[in-house]
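Student: After the structure tokens below, expect a handful of questions from me.
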Amino acid sequence: MLTQSGTTVPGSDTAFLSDSDPLSAFSDRSLLIVDDDKPFSTRLARAMESRGYEVHVAESVSEGVAAVETKAPAFAVIDMRLGDGNGLDVIARLKERRPEARGVILTGYGNIATAVTAVKLGAFDYLAKPADADEIHGTLMAQPGERADPPENPMSADRVRWEHIQRVYELCGRNVSETARRLNMHRRTLQRILAKRAPR
């Protein structure tokens, strides 16, 4: 896997693609992930790499645009809200450089209407966070105008809740009190959730 600086992450292996995998039809499998949620982007990058993509990760609009300028990827997964601006700026530049590229916008809760606008502006599709790698891969492989097949084993409601809590916890610097305050949750309840393993 490639990081922002282009160095290789240890332990990443090239995936074997079967002929039945739609990604095998693409000679260019470059994928740009633009997300400032590092735990999420790291997990997603490894999962997408295991599916056969050649992954590059950026953490901001400026890094994303720079990556597109250097080499416009065949695929992109871009968070709508980034620390230095809107992910639509990256999608717009990607569409200018490589019109046939498939870009998916990731959006948080309450941003679906804005995400629909993103599709009209050039995004291939949108998914609500936290989306898993199966959903994202299925969306990237769907034909234009078609809905992606539902994932074989989608995250349960409990897992979606757990992922959301973990994300806020990481964004709060793993501070339990601050996380509980932002989630409007009792501190002891949050501690019990954090102590448990991720639900299936």
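Student: Counting other C-beta atoms within 10 Å, and keeping those with at most 11, which DSSP coil GluC sites (Glu not before Pro) do you find in segment 65-106?
Tutor: On the way: sites: Glu69, Glu96, Glu100; in loops: Glu100.
Counting only loop positions with at most 11 other Cβ atoms within 10 Å, the GluC sites (Glu not before Pro) in segment 65-106 are Glu100.
Student: Still on this model: I need to check one value: relative contact order of segment 42-104, counting alpha carbon pairs closer than 8 Å and at least 6 residues apart, in percent. Don't skip to the end; give the middle numbers.
Tutor: Numbers: 63 pairs, mean separation 20.6, N = 63.
Answer for segment 42-104 is 33 percent.
Student: Suppose all protein chains stay in the model; what accessible area per residue would a 1.4 Å probe give for segment 52-95, in Å²?
Tutor: Details: 1630 Å² over 44 residues.
The answer is 37 Å² per residue.
Student: A follow-up question, please. Once you have the Cα-Cα distance between Arg43 and Ala25, take 0.36 nm times their residue separation minus that, and quote the gain in nm to one decimal. Kindly include the intermediate steps, with their values, before the conclusion.
Tutor: Details: separation 18, 0.36 × 18 = 6.48 nm, distance 2.49 nm.
Difference between extended and current length: 4.0 nm.
The values are calculated or read from the model by the stated rules, or taken from the named source; none is laboratory data. All of these numbers come straight from a predicted model, not from anything done at the bench. Every residue, glycine among them, receives a Cβ derived from its backbone with ideal geometry; neighbour counts consider all protein chains shown. Surface areas here come from the heavy atoms of the whole protein model, side chains and all, with no ligands, DNA or RNA. Shrake-Rupley method; radii C 1.70, N 1.55, O 1.52, S 1.80 Å.
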